[in-house]
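Let me begin by presenting the structure, written as structure tokens, before commenting on it.
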Amino acid sequence: MALRKFAMRTPGVVAILLGSLVAGSAFAQSPTYGVGRTPTADELRRMDISIGFAGEELPPGRGSAKEGAQVYMQKACVGCHGVTGIGGLAPILRSKLENAETLPVWKKERILPLRAPSATIVWDFINRGMPVGLEGTLKPDEVYALTAYLLFLNKVIPEDQVLDRVSLPKVKMPIGDQYGKLHEFKSNTPRLEGYPY
């Protein structure tokens, strides 16, 4: 009501405000801003590091859990995540629960190698975000080895399995297809059993 009275008393002010909004958005849509430049092909290639479920974007390389255990120590992952993936200040990398193998995946802790719908997501996370402060410094072989080590710690793959750009996308993850199932929401429906939020 107060706004209507203001608009009726000062139509010139309202017209100026509306005009500035229209002109401002028209100026913002102009083809040249005088800021920035088109990225080079090399810059685009360096930024395009996303890895999909099928793993077509994975680089050449290979690694096993045994090699991953060595990389885990060499790169000081142990300092943040603990000697066996438990006990550090950073998130845990394997379940602490004694009966973890018998529990459904949603009843276990939030652990990337267990909850990720694809092993390529584990590889991508390590490649992009580890080690903290030195992100992007791991070589592809080290990332494959660390991925294999984490999957082995969580009993997803055997210790002697070698992961590479062909075998990694084929790893069957513990979560299966449960990550994609939507809950049928109805008013006053209780939360899903084991839902952590």
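Summary of computed values
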{"item": "Residue selected from the range 87-108 under the condition over 17 Å from the mean Cα position of the chain (by Cα) and surrounded by 15 or more Cβ atoms within 10 Å (Cβ to Cβ), by the criterion nearest to D164 (Cα to Cα)", "result": "R94"}
{"item": "Residue in the range 94-108 that is under 20 Å from G52 (Cβ atoms), in a helix (DSSP H, G or I) and touching a residue at least 12 places away in the same chain (Cβ under 8 Å) present", "result": "no"}
{"item": "Test for T137: is it out of contact with any helix residue (DSSP H, G or I) (no Cβ under 9 Å at 6 or more places or on another chain), closer than 19 Å to V71 by Cα and not hydrophobic (A, V, I, L, M, F, W, C)", "result": "yes"}
{"item": "Residues located in the range 74-92, provided they are closer than 17 Å to E135 by Cβ, among the hydrophobic types (A, V, I, L, M, F, W, C) and part of a loop (DSSP other than H, G, I, E, B)", "result": "A76, A90"}
{"item": "Of residues in the range 130-182 being among the polar types (S, T, N, Q) and under 24 Å from H81 (Cα atoms), the one surrounded by the most Cβ atoms within 10 Å (Cβ to Cβ)", "result": "T147"}
{"item": "G55 being under 22 Å from E159 (Cβ atoms), modelled with pLDDT of 90 or more, of a type in the set (G, A, S) and not in a helix (DSSP H, G or I)", "result": "yes"}
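The values are calculated or read from the model by the stated rules, or taken from the named source; none is laboratory data. Predicted model, so just to flag it, every value in this text is computed and none were measured. With ideal geometry, Cβ positions are generated from the backbone for all residues, glycine too; neighbour counts draw on all protein chains shown.
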